[in-house]
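Okay, structure first, notes after.
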Amino acid sequence: MYKLNKKIRDLEPYDPITGEMKIRLDANESCVNFPDDIMQEIHTAIDNISFNRYPDPNAEGVCKAFADYYGINPSNVVAGNGSDELISIICTSFLMKGQSVITVAPDFSMYRFYCSISELECKTVEKNDDLTIDVDKLIETVNNSNAGAVIFSNPCNPTSKGLDKEEVRRLIKSVDTLVVLDEAYMDFWDKSLLDEVCDYSNLIILRTASKAVGAAAIRLGFAVACETIIKAIKAVKSPYNVNTVSQEIGRIVYSHKEYLTKKRNYIVSQRQKLYNDVVELSDKYPQFFTVINGCSNFVFVKSTIGKELFEYLLSQGTAIRYMGEFIRITAGTDEENSTLIFQIEEFCKNSLKE
Ligand SMILES: *Cc1c(COP(=O)(O)O)cnc(C)c1O
């Protein structure tokens, strides 16, 4: 009788909220789809694909469009099937048996997941009480263990908080270990290290088309690093990791600079409005909510009624993310945000009546 090994025996497939949700504010996606003119361009590009042919293994067109958009050199870019795939590739290929990965907490849960699949020990440095990273403690931990990599998100998912450039630089310069800087939400903030990536031999920056760019459906992410690292990632990735449809759509979307900037600004203003609304709620119901200010496209809230509120909202067709003593809410359109706030108020009023 065949038995699954113990690292996968008890794993459950990823299980996002499914069903007919009217409002999705749980996955940090962009709240708007592409406009008609970009859709039209996408249709035309898809019509011209030779579906009998394999994709371009180097995804050159989309890497060039990405590099142009951010003002960097395409030779420092490699594309992945979402940045998730790149995290997985880094864990399986850039670390040796017996090395550990250093993470911070709270942070993106997938880092730990890919470590465990790769049979790597994952050491965690707890954040300060105000949810900021203790960079000194992080450096010390990296240098005092057999670390093969340190990985964290900036701005952070789920806290929404950012670490200043000078602090990130200090970390990179103070360790010989690979630093994986996940800038999935950096489009919403302005502290990216993209344009100085070539100054470091131990830095990989991850970016994604899933958040500010609004293309979560096509699974497209990028690693940006010095050419030695980029060549190594190209050598270890599966050859046709990004399909032609995604390459074509990505190429088109990243070429629309003005549109992407406008959309980013819109989402940031929606986040600010949502933040203000939740602050107002927490003024009315201080026993229920403490709001954390941040620099992403979502709002992180400490809540004493998180679980009950999460379940109530689901019953109303609204999905948010429930995380123990916290909830995380993605910024939506005006209509989505105001429906959400109305539903939360209803729940709070009813909770007080009981
Ligand atoms: C959403 C997210 C990603 C993006 O993952 P994709 O696989 O590119 O969709 C990466 N890192 C963090 C921290 C995220 O929140």
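Below is a table of values for the structure above.
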| item | result |
| --- | --- |
| Gly294 vs. criteria surrounded by 22 or more Cβ atoms within 10 Å (Cβ to Cβ) and not aliphatic (A, V, I, L, M) | yes |
| Checklist (1) touching a Leu at 6+ places or on another chain (Cβ under 7 Å); (2) surrounded by fewer than 18 Cβ atoms within 10 Å (Cβ to Cβ) applied to Phe94, failing item | (2) |
| Answer from Ser118, Ser145, Ser174, Ser160 - the residue that is of a type in the set (Ser, Thr, Tyr) and within 16 Å of the ligand (Cβ to nearest atom) | Ser160 |
| Hits in segment 99-126 - residues which are crowded, with 21+ Cβ neighbours inside 10 Å and among the acidic types (Asp, Glu) | Asp107 |
| Subset of segment 13-35 (residues that are of a type in the set (Val, Ile, Thr) and not in a loop (DSSP other than H, G, I, E, B)) | Ile23 |
| Checklist (1) more than 15 Å from the ligand (Cβ to nearest atom); (2) surrounded by 21 or more Cβ atoms within 10 Å (Cβ to Cβ); (3) of a type in the set (A, V, I, L, M, F, W, C); (4) free of Cβ contacts under 8 Å to residues at least 40 places away in the same chain applied to Leu193, failing item | (2) |
| Residue tally, condition part of a loop (DSSP other than H, G, I, E, B) and either more than 10 Å from the ligand (Cβ to nearest atom) or hydroxyl-bearing (Ser, Thr, Tyr) (or both), over segment 196-212 | 5 |
| Number of positions in segment 181-190 that are more than 10 Å from the ligand (Cβ to nearest atom) and either in a strand (DSSP E or B) or within 15 Å of Asn73 (Cα to Cα) (or both) | 1 |
| Residue match in segment 77-99 (condition: part of a loop (DSSP other than H, G, I, E, B) and within 16 Å of the ligand (Cβ to nearest atom)) | yes |
| Given (1) β-branched (Val, Ile, Thr); (2) in contact (Cβ under 8 Å) with a residue 60 or more places away in the chain; (3) out of contact with any Ser or Thr (no Cβ under 7 Å at 6 or more places or on another chain), index of the condition Val101 fails | (2) |
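None of the figures in this text is laboratory data; all of them are computed from the coordinates on show. Note that the structure is a prediction, hence the values are computed from the model and not measured. Methodologically, a virtual Cβ is constructed for each residue, glycine included, from the backbone with ideal geometry; neighbour enumeration extends over all protein chains shown.
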